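The values are calculated or read from the model by the stated rules, or taken from the named source; none is laboratory data. For clarity, every value in this text was computed on a predicted model and none was experimentally measured. FYI the Cβ positions are ideal-geometry reconstructions off the backbone, even for glycines, and counts take in every protein chain you see. Quick note on the areas: whole protein, heavy atoms, side chains included, nothing else; ligands and nucleic acids left out. Shrake-Rupley method; radii C 1.70, N 1.55, O 1.52, S 1.80 Å.
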Amino acid sequence: MRQSMLLEGPLSEYEQRIARLTAEMKKVGMDGILLSAPDNMRYFCGHRSIVWDSNVSMPGTLVLSADGNMRLAGSQSNNPTARMTACVDEDCYIAYFNGGTRQPGQPSSYPEAILQAFKELGLENGKIGMEWGRGCRVRMIHADYENIIAHMPHANFVDASNTIWAVRGVKSPYEQDLLRKVNNINTKLYEHAYARIVPGVTTERGLYNSMVAEAYELGCDSMLEMDVRGHKTRYGLPNCPPSDLPFGTEDGTSIMIDGGPSYKGYFSDIIRVGIIGKPTAEQERLYKIALEGHSIGMSKLRAGVLISDVVAAVDAYYEKAGVSDINQTKGWIGHSIGLNVHEYPCLEAGEDTPLQAGMVMSMEPSLTTPTAGTMCLEQNFIVTETGYELLSKMPTELVRVY
């Protein structure tokens, strides 16, 4: 591996990631793995390209053997960018012909380049991990995928998602620092956002746009479309894009802002709830219950605790408090966070994975009614041996907007 000109982090970070991945591969007898999704390519070898969002271009695919050898297969036109961003050794790139002058022996297609990678690494008869399972996507057209499978009749292709998340699910000190940084930025965005709202004038979309502009000014590199709700007709629409409706003017109108930006690829995802004017008695009661449920969940956090036990504690409290019927997140109260805003493991019922120090997660149990809106708090944190480190440090009380 080498320090390329545009590699985002220190070379040692990628060396550690590959070492952890190959160790996990060996645990399950996996001889090789094919990585094609943009987030996995960025995470394990650093490869970035502005055409990852293209439905036409195929920027690259990494084939890695369990002994740590690798090949990066891609097009001839994308090869220079791959060499500038990825930490793969100079002699480990396989570029298929797609223009100019074809070199002797050069593959003529994307599948041929990947098949050559498997051959050079001696993996034609191996057990090969694929991005088949939860939180993973194979990033190639179906015809190319079928072509590769058909030309490796003696290989055993298996799901590699658990192997991938076993590595990505525990953040390194380098990653943790980036997540602290992006949470600090997101806190500023939320504080300024609520200060900008003028009831009856500011629109949901306008507020979101202003948050995007500020995020870029503060050094962020992207911003997912956020859930911004400030009108009574929008209460029951979770994960819906912001509208052109202005924030309501009536006392007790609920406001919810959910999401955040990314910094060097790493996301923050928080929720803070506000109220136009004076909250109703129902809103005050439900928000108090929502905060207590969240607090109970956070109190369970520490390395070694089963994720399912954290979820069960929150759901049990909401059941006892008599709000189980409006518990919109029953059985699922959050997720891991990193290069994706939602990663695995999730904080969900049936997830008997123990928490590990270094996991970075977001907890967001939620209560929703047609009259009160959504009463919720979302916090980002790093799991530690004895508890957690809170990353999203904005105050948690209902924000008043006048």
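Using DSSP to call loops (not H, G, I, E or B), can you name the GluC sites (Glu not before Pro) in the range 324-399 whose Cβ has at most 13 other Cβ atoms within 10 angstrom?
Working: sites: Glu343, Glu348, Glu351, Glu378, Glu385, Glu389, Glu397; in loops: Glu351, Glu385, Glu397.
Sites meeting the loop and neighbour criteria: Glu385, Glu397.
Before rounding to the nearest 500, sum -39500 (n - 2.57) across all DSSP H runs of length at least 4 in the chain and divide by the residue total; then give [θ] at 222 nm in deg cm²/dmol. Display every interim value, and only then the final one.
Numbers: 10 runs with 130 residues, N = 402.
Rounded to the nearest 500, the figure is -10000 deg cm²/dmol.
Ignoring ligands, DNA and RNA, what accessible area per residue does the range 39-99 give at 1.4 Å, in Å²? Intermediate values should be presented prior to the final figure.
Working: 2290 Å² over 61 residues.
Heavy-atom SASA per residue in the range 39-99 reads 38 Å².
If amide hydrogens are placed 1.01 Å from N in the peptide plane, which non-local residues have theirs closer than 5 Å to the one on Ile255?
Gly274, Ile275, Ile276
Starting from the Cα gyration tensor of the range 8-154, take the square roots of the eigenvalues, sort them a ≥ b ≥ c, and report rounded, prolate or oblate (rounded when a/c is under 1.5, otherwise prolate if a/b is larger than b/c, else oblate). Mind showing how you got there, number by number?
Working: a/c = 1.43, a/b = 1.15, b/c = 1.25.
Because its axes are fairly even, with a/c under 1.5, the range 8-154 counts as rounded.
Could you tell me the relative contact order of the range 290-341? Use alpha-carbon pairs under 8 Å, at least six residues apart, and round to a whole percent.
Numbers: 24 pairs, mean separation 16.2, N = 52.
Dividing the mean separation by the residue count of the range 290-341 yields 31 percent.
Whole number in Å², please: accessible area per residue of the range 141-229, 1.4 Å probe, ligands, DNA and RNA not counted. Kindly include the intermediate steps, with their values, before the conclusion.
Details: 3840 Å² over 89 residues.
For the range 141-229, the solvent-accessible area averages 43 Å² per residue.
To the nearest 10 degrees, how steep is helix 307-320 against the longest Cα principal axis of the chain, on a 0 to 90 scale?
20 degrees
Express in Å², to the nearest 10, the accessible area of Arg2 obtained by rolling a 1.4 Å probe over the protein heavy atoms while all chains stay in place.
Counting only protein heavy atoms, Arg2 exposes about 40 Å² to solvent.
Spin-label point model (7 Å from Cα, Cβ direction): what's the Gln16 to Asn69 distance in nm?
Simple spin-label model gives 2.8 nm for this pair.
How many percent of the alpha carbon pairs in the range 1-77 exceed a separation of 14 Å? Write out the running numbers ahead of the final one.
Values: 1819 of 2926 pairs.
The answer is 62 percent, as a whole percent.
Could you work out the pair-distance distribution P(r) of the chain from its alpha-carbon pairs, with 20 angstrom bin width and percents rounded to whole numbers?
26, 49, 23, 2
Tally up the carbon and sulfur contribution to the accessible surface of the chain as a whole percent, 1.4 Å probe, everything protein left in place. Kindly include the intermediate steps, with their values, before the conclusion.
Details: 8580 of 16480 Å².
Using a 1.4 Å probe with all protein chains present, the chain comes out at 52 percent carbon and sulfur.
So, for the range 258-401, what is the accessible surface per residue at a probe of 1.4 Å, expressed in square angstrom? Please list the in-between numbers first.
Details: 5170 Å² over 144 residues.
It amounts to 36 Å² per residue over the range 258-401.
Quick one: 3J(HN,Hα) in Hz for the range 393-402, Karplus 6.51/-1.76/1.60 with θ = phi - 60°, rounded, Gly and Pro as x.
The phi angles translate into 9, 5, x, 9, 6, 4, 7, 8, 10, 10 Hz.
Indicate, rounded to the nearest 5 percent, the antiparallel portion of the DSSP beta bridges found entirely in the chain.
On the way: 42 of 55 bridges.
Approximately 75 percent, going by the DSSP bridge assignments.
What is the packing order of peptides 73-80, 92-99, taking the mean over residues of other C-beta atoms within 10 Å and listing the highest first?
Ranked from most to least packed, the peptides come out as 73-80, 92-99.
What does the charge add up to near Ile197, with Lys and Arg as +1, Asp and Glu as -1, over the other residues with Cβ less than 11 Å from its Cβ?
Values: positive: Arg196, Arg400; negative: Glu204.
Net charge around Ile197: +1.
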